[in-house]
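The block underneath contains the structure these notes are about, expressed in structure tokens.
The values are calculated or read from the model by the stated rules, or taken from the named source; none is laboratory data. Since this is a predicted model, take the numbers as computed values, not measurements. Cβ coordinates were reconstructed from backbone atoms using ideal geometry, including for glycine residues, and neighbour counts include every protein chain displayed.
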């Protein structure tokens, strides 16, 4: 079934998603249980069966959330709340992992080891950055300072694919900056955010400092367009991001946008080819391909191209699908019928365009008659004019394209509208620096080395603007104020 808005009467017998977070969550407990409230049917990604109803916030709740937040800007001990929040989440790791696994189909081991731990890592990096930074910088002798002040009320709109990690990035940065926060998590993966709201209350967040709005795209639109919002942070698709930016821009409110990607992975002949291909396939497939920074375009030097294609086909065949609740390193289903249909349409388009299928293909993964399980898929000979080369799939589908020399590799990597991440595999230190400089992206990773803790996350061009994580994630929610002529205290 598709994820469509229906009334409670049309979903007789479905339970309402368990409400958490006490007074920090809207709609209120009474409205949450009201069968007349608009609700969304949530489906199980592994079985397609309707499993629960999510009550939706509308204009009245948005108004209330903004009014609550305005009086809480700058309230509370930021470092103390963050420290307690990290401890609260740590105590509820397993509950968080189970919620993520149920909501979006993430295999339980991946939810535990990657989804939850990534969020904790980001919060720790934010706390460390907060402790090391100052809200006042002296820029010249004689009382000339730059002050970093909270932007005000921050609207935070997060996606379903990393449902706790993205909440942690946005809330951590906004909290450390001194903002009051209104979080609207994805309607497809709200459960972990509701537990997070519990953790915020337990961490001692003052009244109104943090509010969670349960809702859908309409809720997010109302929030982004509200004149009482001072800054918007959105992670999601580029098409929706344009609408969020337009809604915020109408009020001359800044919008931090972390959007789509079609990131290139450049394999030169001097790299460890077997390792580079194995890591490259994993970076495309993990989280079932549902990551904005997935290395979904593999660009390979012509002299090792045939070997790379063969290795990629073998590696892809080793990746299997499995039920979310089952332990192991398998992939889980896609989040929804709409996402499954999108991935299938991209696979069919690649076949129509003449790309060479070397592994996987259309249809469900072997052994599954229900559930949104795609086949991990690899296409070779993907030309720049093909849709698969340029369009984000958001599923486990890898494209492979040859290049003749370094200049062509960089040119191919920069083709298209996105600019989130670039991946580079070469043993040549000089080439590492040249190519990293030439890639029009916000992040470059070389030879499989991950970003350092607290490193900025974000892109350029149609992948958005603004940065998250560490000190950059804090400063994104602050306004620079110049102050001159201060007398000594």
Identify, from the list 234, 196, the residue that is surrounded by 21 or more Cβ atoms within 10 Å (Cβ to Cβ), under 12 Å from residue 157 (Cα atoms) and under 17 Å from the mean Cα position of the chain (by Cα). 234
Would you say residue 300 is buried (at least 22 other Cβ atoms within 10 Å of the Cβ), modelled with pLDDT of 95 or more, assigned by TED's automatic domain parsing to the domain that holds residue 355 and touching a strand residue (DSSP E or B) at 6+ places or on another chain (Cβ under 7 Å)? yes
Does residue 97 count as under 21 Å from the mean Cα position of the chain (by Cα) and either modelled with pLDDT under 95 or crowded, with 19+ Cβ neighbours inside 10 Å (or both)? yes
Say we look at segment 453-463 and pick out the residues that are touching a helix residue (DSSP H, G or I) at 6+ places or on another chain (Cβ under 9 Å) and in a loop (DSSP other than H, G, I, E, B); which of these is nearest to residue 133 (Cα to Cα)? 454
Listing of strands (runs of 3 or more DSSP E) fully contained in segment 335-448 that carry 3 or more residues being more than 22 Å from residue 319 (Cα to Cα) and within 25 Å of the chain's Cα centre (by Cα): 421-425, 443-446
For segment 188-199, does any single residue satisfy the condition of being out of contact with any helix residue (DSSP H, G or I) (no Cβ under 9 Å at 6 or more places or on another chain), farther than 25 Å from residue 470 by Cβ, assigned by TED's automatic domain parsing to the domain that holds residue 26 and in a loop (DSSP other than H, G, I, E, B)? no
Among the numbered criteria (1) over 23 Å from residue 164 (Cβ atoms); (2) in a loop (DSSP other than H, G, I, E, B); (3) under 25 Å from the mean Cα position of the chain (by Cα), which one does residue 73 miss? (3)
Inside segment 178-187, can you point out the residues that are farther than 17 Å from residue 51 by Cα and either touching a helix residue (DSSP H, G or I) at 6+ places or on another chain (Cβ under 6 Å) or touching a residue at least 60 places away in the same chain (Cβ under 8 Å) (or both)? 178, 179, 180, 181, 182, 184, 185
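Quick grid of which residues meet (1) crowded, with 22+ Cβ neighbours inside 10 Å; (2) in contact (Cβ under 8 Å) with a residue 40 or more places away in the chain; (3) under 14 Å from the mean Cα position of the chain (by Cα):
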{"residue": "102", "(1), (2), (3)": "yes, yes, no"}
{"residue": "105", "(1), (2), (3)": "yes, yes, no"}
{"residue": "148", "(1), (2), (3)": "no, yes, no"}
{"residue": "164", "(1), (2), (3)": "yes, yes, yes"}
{"residue": "202", "(1), (2), (3)": "no, yes, no"}
Scanning segment 269-289 residue by residue, those touching a helix residue (DSSP H, G or I) at 6+ places or on another chain (Cβ under 7 Å) and not in a helix (DSSP H, G or I) turn out to be 269
